[in-house]
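Please treat every number below as a calculation from the coordinates, not as lab data. Everything quoted here is computed from the prediction, not taken from an experiment.
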Amino acid sequence: MGIVIFSADYKTNVLNSDGSSNVVYDVSGKSSSLYLTDYQFYARYQNTGAVVSGVVTSNVLVDVSYE
């Protein structure tokens, strides 16, 4: 069991299968009041293998960098 994070704007998986991200919010040419805002994401559980009984523990870290 794993957690998949999706961009609410693009309706796509935020992480590629190798763990890298390909969701980019282009803020070039926008004033700070337009790009310093909330960006919505949602998460869901996704089966990543055979299901067996046991405890499910999940941690999610969303890391943001500005260039």
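Give me the extension gain from Val55 to Ser32: residue separation times 0.36 nm, minus the current Cα-Cα distance, reported in nm with one decimal.
3.9 nm
Whole-Hz Karplus ³J(HN,Hα) for segment 41-46, in order, using 6.51 cos²θ - 1.76 cosθ + 1.60 and θ = phi - 60°, x for Gly and Pro?
Values, residue by residue: 10, 9, 10, 8, 6, 9 Hz.
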